Amino acid sequence: MFRHLGTKALLAFTVLFFAFIYVPIALIVIYSFNSDPVNMMRWSGFTLDWYRQILGLRNAASEAALYIETTEQLLAAVKNSFIVAFSTTALSTVLGTSAAIALYRHPFAAQRFYRVLLFVPMLMPDIVLGIALLIFFVGIGGQLGLGTIITGQTTFLTSYVFIVVSARLAGMDRSLEQASADLGASEWTTFRRILIPQLMPGIMGGALLAFIISMDDLVITYFISGTNTQTLPIYIFGMLRRGIKPEVNALAVMMLVFSFAIAFAGLYLRNRKR
Amino acid sequence: MDHSSVRLDGARKSFASPEGTLVTALAGIDLSVKPSEFLTLLGPSGCGKTTLLHAISGFVELDAGRIFIDGEDMTHRPPNKRPVNTVFQSYALFPHMSVGDNVGYALDIARVARPERNARVGAALEMVGLGGLEKRLPRQLSGGQQQRVALARAIVARPKLLLLDEPLSALDRKLRQAMQIELKTLQHELGIAFVFVTHDQEEALTMSDRIAVLNGGEIQQLASPGEVYNRPANGFVASFIGASNLFTGSGSGSGAETIVRTSAGLTVHARMALPSSGPVTALIRPEQFALAPDTGTHGLSELPVSIDQVVFMGMVFEIHGRTDDGQKVVATLPASQQSRIAEAEGRRRAVLTYDPASVHLFPAVSEAA
């Protein structure tokens with residue numbers, strides 16, 4: 001009897017839990033197609049206008065248009081976000097993977113300390129890291145912009161890649177490398193033909209994580225982006241400050257679709273390899 | 001000039017333990033493996049057998065001593081430049097490569113032309129009974145099949161010497177016994193030396209031409225399986241290989257007759273000359289005992305015991321007993337003597353006899369030495 005009740009309560013809790021996460025997201029998707037320009041809680045018909053507006057296909061003459069940034073600004077922000085995400089992903093993947101392999105191959109006395117040093121940027125509050133980086137960049141007289149965003153993000157994204165690749169290395173059979181050497185392979189051949197293919201899922205996972213985190217990082221990037229450079233999250237944040245406009249919903253849905261596409265592409269590539 | 005497949009001269013190796021002390025893995029090993037010999041390194045874990053194997057393959061660099069393979073000095077050669085191949089305990093098959101690419105790995109690295117490479121891969125797989133499985137992935141195979149792939153991969157490059165690091169330990173008993181015979185056959189076909197590492201004495205006795213029994217980084221005895229079993233060099237070998245009843249005491253006697261008297265007053269009669277002055281140990285294997293009628297008076301080669309337990313093992317009964325002074329004795333008796341065993345069990349007493357010629361003597365050395 002009580003057990004039965006418990007099961008029901010648990011089910012209700014589970015449903016509520018997921019509803020809490022997914023209902024707001026579903027609402028954004030629905031609102032993005034709602035033609036009512038003022039009150040999005042009131043459904044007044046299906047429209048693709050907000051998407052058209054974002055993509056510059058339609059210049060609305062509605063009163064809302066007064067507040068909307070231009071399409072060029074949006075596209076510039078998207079472009080910046082991609083430049084930053086691809087650069088930081090490439091840099092942090094190479095740095096994080098190298099650090100993980102180095103530590104696996106050549107354990108040394110201070111390796112625990114080294115590991116902690118690599119963990120800390122992940123645990124650091126974003127706002128602290130943002131301020132610290134800002135002060136540092138300004139202090140050395142750097143010009144705030146794409147360069148500082150890429151450098152700043154790479155510092156903590158490297159930690160993520162390092163951790164994911166290290167986990168993969170920890171589960172690897174060390175005798176694989178021995179077997180390769182035993183069969184006549186040089187260290188370079190072993191690295192290329194055995195170690196890297198074995199680590200690939202970890203490297204891909206780390207890179208994907210870095211890419212997604214970079215794409216939507218707001219706090220740290222906000223501090224170190226300067227006044228002339230906007231990434232997509234900063235652009236959206238700017239839009240929101242002038243009130244929630246329907247275009248924001250459309251933009252959010254497009255980002256959502258993009259993130260899913262990236263994640264699925266990653267999963268697909270991984271499964272195809274196996 | 002050097003007629004050995006592999007030769008070690010004074011091989012020494014120590015490791016730093018996590019506590020910071022030095023642990024001796026190899027305490028100056030001299031060993032020579034003959035061409036086309038099946039040599040087993042046998043010992044408990046930590047005895048140095050795996051270190052010795054890794055010293056030959058090159059994964060462990062010696063602190064002192066030299067290694068020659070086929071007469072050539074290999075002491076400072078890296079593993080990838082040594083003409084030996086290894087079958088690893090975990091098989092170490094490359095999970096992302098097909099069976100064919102695993103087996104062909106060494107040939108690809110040696111840049112063997114494709115047609116020859118494929119032919120040799122096929123032949124190696126054929127040899128281990130896995131012909132035609134080139135396209136499979138390792139994880140699609142059973143443990144026994146993976147084991148064979150590892151074997152094929154290690155022989156495809158025609159090494160001068162094959163090293164096997166406890167390759168059968170992950171297989172179930174039946175498969176293990178079948179593989180023991182197959183390995184032996186394979187070794188005859190290839191005509192190269194096999195150095196086989198195991199902690200399983202039964203495996204060692206079954207397969208080897210010679211066994212090197214290791215303990216504490218030293219070779220305790222290097223001899224044929226029969227020799228090691230019947231005439232162990234010391235107490236360690238005697239108790240590590242097979243079950244044994246050991247009686248240590250002072251020896252006395254003349255010529256080929258010796259009487260060993262233990263401190264508790266027990267006597268054992270051996271038809272063997274005293275091996276040394278000082279304390280001596282007599283070994284009687286459990287199967288060398290027979291059941292004697294209890295006449296009340298006991299001859300020289302008789303051992304009265306009280307029975308603790310009788311265990312039926314199929315072909316034999318195992319009798320666990322103890323002598324009057326409390327020393328434990330194990331005897332295995334053929335199942336055909338069931339009725340006499342049952343009678344003895346009823347009385348809780350038995351008299352065990354043995355042939356003095358089957359008793360082996362070796363110098364007693366305290367465990368610490």
| note | Those residues of region B:38-49 which are at negative phi and out of contact with any strand residue (DSSP E or B) (no Cβ under 6 Å at 6 or more places or on another chain) amount to B:44, B:45
| query | If you go through region A:162-197 one residue at a time, how many are among the β-branched types (Val, Ile, Thr), away from chain B (no Cβ under 11 Å) and open to solvent by less than 20 Å² (accessible area, probe 1.4 Å)? | reply | 1
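From the list B:304, B:232, B:279, which one is under 26 Å from the mean Cα position of the chain (by Cα) and not basic (Lys, Arg)?
Exactly one residue qualifies, and that residue is B:232.
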| said: Against the conditions (1) part of a strand (DSSP E or B); (2) buried (at least 17 other Cβ atoms within 10 Å of the Cβ), where does residue B:104 fall short? Just the number, please. | reply: (1)
| message | Among the residues that make up region B:272-285, is at least one of them over 23 Å from residue B:232 (Cβ atoms) and touching a helix residue (DSSP H, G or I) at 6+ places or on another chain (Cβ under 9 Å)? | response | no
| field | Matching entry among B:340, B:347, B:285 (being surrounded by 12 or more Cβ atoms within 10 Å (Cβ to Cβ), in the same structural domain as residue B:255 (by TED's automatic domain parsing), farther than 18 Å from residue B:242 by Cβ and among the charged types (D, E, K, R)) | value | B:340
| request: Among the candidates A:218, A:144, single out the residue that is within 25 Å of residue A:261 (Cβ to Cβ) and either surrounded by fewer than 19 Cβ atoms within 10 Å (Cβ to Cβ) or more than 14 Å from chain B (Cβ to nearest Cβ) (or both). | output: A:218
| query | For region A:99-107, does any single residue satisfy the condition of being in a loop (DSSP other than H, G, I, E, B) and open to solvent by 30 Å² or more (accessible area, probe 1.4 Å)? | reply | yes
| Consider residue A:157 against the criteria (1) buried (at least 21 other Cβ atoms within 10 Å of the Cβ); (2) of a type outside the set (Asp, Glu); (3) in contact with a Gly (Cβ under 7 Å, 6 or more places away or on another chain): it satisfies all of them except one. Which criterion is unmet? | (3)
| task | Select from region B:131-151 the residues that are touching a residue at least 12 places away in the same chain (Cβ under 8 Å) and either farther than 22 Å from residue A:176 by Cα or within 12 Å of another protein chain (Cβ to nearest Cβ) (or both) and list them in ascending order. | result | B:137, B:138, B:139, B:149, B:150
| field | Selection count where residues are touching a Leu at 6+ places or on another chain (Cβ under 7 Å) and more than 8 Å from chain A (Cβ to nearest Cβ), scope region B:95-106 | value | 4
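Let me confirm something: among B:256, B:342, B:350, B:335, which residue is within 19 Å of residue B:231 (Cα to Cα) and without any contact (Cβ under 8 Å) to a residue 60 or more places away in the chain?
Being within 19 Å of residue B:231 (Cα to Cα) and without any contact (Cβ under 8 Å) to a residue 60 or more places away in the chain holds for just one of B:256, B:342, B:350, B:335, which is B:256.
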| message | Between A:253, A:257, A:248, which is surrounded by 14 or more Cβ atoms within 10 Å (Cβ to Cβ), away from chain B (no Cβ under 14 Å), within 22 Å of residue A:29 (Cβ to Cβ) and without any contact (Cβ under 8 Å) to a residue 24 or more places away in the chain? | response | A:248
| message | Yes or no: region B:26-49 includes at least one residue that is within 14 Å of chain A (Cβ to nearest Cβ) and either within 26 Å of residue B:188 (Cα to Cα) or open to solvent by less than 60 Å² (accessible area, probe 1.4 Å) (or both). | response | no
| said: Considering only residues that are of a type in the set (A, V, I, L, M, F, W, C), assigned to a helix (DSSP H, G or I) and touching a residue at least 12 places away in the same chain (Cβ under 8 Å), which ones fall in region A:133-157? | reply: A:133, A:134, A:137, A:146, A:149, A:150, A:156, A:157
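Of all strands (runs of 3 or more DSSP E) completely enclosed by region B:155-269, which ones contain at least 1 residues that are in the same structural domain as residue B:318 (by TED's automatic domain parsing) and open to solvent by 20 Å² or more (accessible area, probe 1.4 Å)?
Strands (runs of 3 or more DSSP E) meeting the threshold: B:245-254, B:257-262.
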| Tally, over region B:125-142, of residues that are open to solvent by 40 Å² or more (accessible area, probe 1.4 Å) and either within 18 Å of residue B:109 (Cα to Cα) or of a type outside the set (A, V, I, L, M) (or both) | 9
| field | Members of region B:72-94 found to be part of a loop (DSSP other than H, G, I, E, B), within 9 Å of chain A (Cβ to nearest Cβ) and crowded, with 17+ Cβ neighbours inside 10 Å, listed by number | value | B:82, B:88, B:89, B:90, B:91, B:92, B:93, B:94
| said: So for region B:62-71 (the condition being in a helix (DSSP H, G or I), under 17 Å from residue A:184 (Cα atoms) and open to solvent by less than 10 Å² (accessible area, probe 1.4 Å)), does at least one residue qualify? | reply: no
| If you check every pair at least six apart or on different chains, which have Cβ atoms under 9 Å apart with a residue in region A:97-114 that is closer than 22 Å to residue A:209 by Cα first and a residue that is at pLDDT below 85 and in a helix (DSSP H, G or I) second? | A:103/A:111
| Looking at this structure, is residue A:223 open to solvent by 20 Å² or more (accessible area, probe 1.4 Å) and within 14 Å of chain B (Cβ to nearest Cβ)? | no
| Would region A:117-129 turn up any residue that is under 17 Å from residue A:200 (Cα atoms) and buried (at least 19 other Cβ atoms within 10 Å of the Cβ)? | no
| Across region B:107-121, what is the number of residues that are within 14 Å of another protein chain (Cβ to nearest Cβ) and either without any contact (Cβ under 8 Å) to a residue 12 or more places away in the chain or buried (at least 18 other Cβ atoms within 10 Å of the Cβ) (or both)? | 8
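Yes or no, residue by residue, for (1) of a type in the set (A, V, I, L, M); (2) assigned by TED's automatic domain parsing to the domain that holds residue A:112; (3) within 23 Å of residue B:88 (Cβ to Cβ):
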residue	(1), (2), (3)
A:144	yes, yes, no
A:148	no, yes, no
A:162	no, yes, no
A:171	no, yes, yes
| Selection within region B:277-323 - in contact with a Gly (Cβ under 9 Å, 6 or more places away or on another chain) and at pLDDT below 85 | B:277, B:278, B:292
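The values are calculated or read from the model by the stated rules, or taken from the named source; none is laboratory data. Keep in mind the model is a prediction, meaning the values are calculated, not measured. Glycine also receives a Cβ, built like all others from the backbone with ideal geometry; neighbour counts cover every protein chain displayed. The protein model used for the area step is the full one, side chains on, heavy atoms only, and it has no ligands, DNA or RNA in it. Shrake-Rupley method; radii C 1.70, N 1.55, O 1.52, S 1.80 Å.
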